[in-house]
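Notes follow once the structure below has been shown.
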Amino acid sequence: MPSAKGAKIAIKWNQDLKRPPPLTPEQAAAVRSLDRHVSVTAGPGAGKTKILVERYLHILGENENLNIDQIVAITFTNRAANEMRERLRKQLDEVLLTASPEERKRWMGYKRTLAIITTIHGFCSRLLREFPVEARVDPQFILLDEHQAATLLENAVEETLTEFINSGHEAISRLTAGVGRGRLAWMLVELYRKVRGQGLSSQRLSAQVAQSHSTWEQYRAAFSEVDRLVQTLITVRGLSGGAESKQ
């Protein structure tokens, strides 16, 4: 449940700005419920970003001693992150119009820093730069865009295929001859993306392949059993003419 203080702040903003409360009861519940996890599902243009901005401001209004770096807002695209920053700045400007002198200083501090509003990649990049030793990465690393990452992956696959073929690797050579080098390279790139997307390591993938694929001996035994059953079927008598022809 929202505190009385938080409710008074929200009401004061709306009364001083001479506008009706902008939130529906459902939206207000999503904004002010801070004692639980909240998931908002709605279509485009339904006000999800608006709810997020209002919730952000409500958290600031509820906690006078809050360090703004404790709030993290993550979205999927730079465009969405920029839109949220712009909306927050506008809302903070409105709050500053009605804030008392002692409150104005605090809200000005919030506006200057505006916390962490970024994409998933941006947030991860920030963490890695703050803790490069723990992450075992070069703090001066460069974040690749989608095109650069795709090109790097394709080049790595081509170089690896070349090494296997030149070394006379039988399985890779047979695959290349069977499906073509270009198609094999494309298949390996897609496989790598799916494996990474599922968070699988090469060791775990190998273990799962070993569990789900039969050995040659198992295949031979299965073929022998199928052959035996077919021979049994062929020897059956007393079938109709059509069934015997199919047999």
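Given R0 = 41 Å, the distance between the Cβ atoms of residue 87 and residue 191 translates into a calculated FRET efficiency of 0.50.
For the chain, what does the helix formula give at 222 nm: sum of -39500 (n - 2.57) over DSSP H segments with n ≥ 4, over the residue count, nearest 500 deg cm²/dmol? Present the calculation step by step, with values, prior to reporting the outcome.
Working: 13 runs with 169 residues, N = 247.
Computed ellipticity for the chain at 222 nm equals -21500 deg cm²/dmol.
Quick one: what do you get for the chain if you divide its Cα Rg by 2.2 N^0.38 Å? Present the calculation step by step, with values, prior to reporting the outcome.
Details: Rg = 31.1 Å, N = 247, 2.2 N^0.38 = 17.9 Å.
Here the Cα radius of gyration is 1.74 times the empirical estimate.
For region 95-216, the spread of Cα coordinates along the three principal axes comes to 79, 31, 28 Å, biggest extent given first. Projecting label points 7 angstrom from Cα along Cα→Cβ for residue 223 and residue 100 puts them 8.7 nm apart. With contacts taken as Cα pairs under 8 Å and at least 6 residues apart, region 110-224 reaches a relative contact order of 14 percent.
Write down, largest first, the equivalent ellipsoid semi-axes of region 180-247 in whole Å, where each equals the square root of 5 times an eigenvalue of the alpha-carbon gyration tensor.
Details: eigenvalues 377, 60, 23 Å².
Sorted largest first and rounded, they come to 43, 17, 11 Å.
Once the Cα-Cα distance is subtracted from the 0.36 nm per residue extended length, the residue 152 to residue 112 segment shows a gain of 10.6 nm.
Under 5 Å from the amide H of residue 119 lie the amide H atoms of 75, each residue being 5 or more positions distant or on a separate chain, with H modelled from the backbone and absent for Pro and chain starts. Using a Gaussian network model of the chain in which every pair of alpha carbons under 10 angstrom is joined by a spring, one finds that among 74, 234, 116 the greatest mean-square fluctuation is at 234. Compute the helix-to-body angle for 146-166: its Cα long axis versus the longest principal axis of the chain, expressed 0 to 90° and rounded to tens. Roughly 20 degrees, rounded to the nearest 10.
Before anything else, pin down the relative contact order of the chain: Cα pairs under 8 Å, at least 6 apart, normalised by residue count, whole percent.
On the way: 117 pairs, mean separation 29.8, N = 247.
Computed over the chain, the figure is 12 percent.
Could you work out how much longer the chain between residue 78 and residue 39 gets when fully extended? Use 0.36 nm per residue separation minus the Cα distance between them, nm to one decimal. Don't jump to the answer; show the numbers that get you there.
Numbers: separation 39, 0.36 × 39 = 14.04 nm, distance 2.16 nm.
That pair, residue 78 and residue 39, stretches by 11.9 nm at full extension.
If exposed means no more than 15 neighbouring beta carbons inside 10 Å and the site is in a DSSP loop, what's the longest run of the chain without any exposed chymotrypsin sites (Phe, Trp or Tyr not before Pro)? Write out the running numbers ahead of the final one.
On the way: sites that count: 76, 141.
Longest run free of exposed loop sites: 142-247.
Scanning residues 5 or more positions from residue 40 or on other chains, none has an amide H under 5 Å from its amide H, with H placed 1.01 Å from N in the peptide plane. Rounded to the nearest 20 debye, the dipole magnitude of region 120-247 is 460 debye, with +1 charges on Lys and Arg beta carbons, -1 on Asp and Glu beta carbons, and the Cα centre as origin.
Out of the GluC sites (Glu not before Pro) in region 55-155, which ones are loop residues according to DSSP with at most 14 other C-beta atoms within 10 Å?
Details: sites: 62, 64, 83, 86, 94, 102, 103, 130, 134, 146, 154; in loops: 64.
Filter output for region 55-155: 64.
For region 204-237, which trypsin sites (Lys or Arg not before Pro) pass both filters: DSSP loop (anything but H, G, I, E, B) and at most 15 other C-beta atoms within 10 Å?
Numbers: sites: 204, 220, 228, 237; in loops: 237.
Answer in residue order: 237.
A simple rule links phi to the HN-Hα coupling: the Karplus curve 6.51 cos²θ - 1.76 cosθ + 1.60 with θ = phi - 60°, which for region 176-185 gives 4, 5, x, 10, x, 5, x, 5, 5, 4 Hz, with x for Gly and Pro.
Explain nothing, just the number: dipole magnitude of the chain about its Cα centre with +1 on each Lys and Arg Cβ and -1 on each Asp and Glu Cβ, in debye rounded to the nearest 20. Present the calculation step by step, with values, prior to reporting the outcome.
Working: 34 positive and 28 negative charges, 205 e Å.
Around 980 debye, computed over the chain.
The calculated pair-distance distribution of region 146-213 uses every alpha carbon pair, bins of 10 angstrom beginning at 0, and gives 18, 43, 36, 3 percent.
A simple spin-label model places the labels of residue 230 and residue 243 2.1 nm from each other, with each point 7 Å out along Cα-to-Cβ.
Per-residue extension of 0.36 nm, minus the Cα-Cα distance of residue 210 and residue 29, leaves a gain of 60.1 nm for this segment.
Between the residues 119, 219, 165, the greatest Cα displacement towards the positive end of the dipole of the chain, with unit charges on the Cβ of Lys, Arg, Asp and Glu, is found for 119.
Taken together, the values in this text are just the output of simple stated rules run on the coordinates, not laboratory data. Please read all numbers here as calculations on a predicted model, not as lab measurements. Every residue, glycine among them, receives a Cβ derived from its backbone with ideal geometry; neighbour counts consider all protein chains shown.
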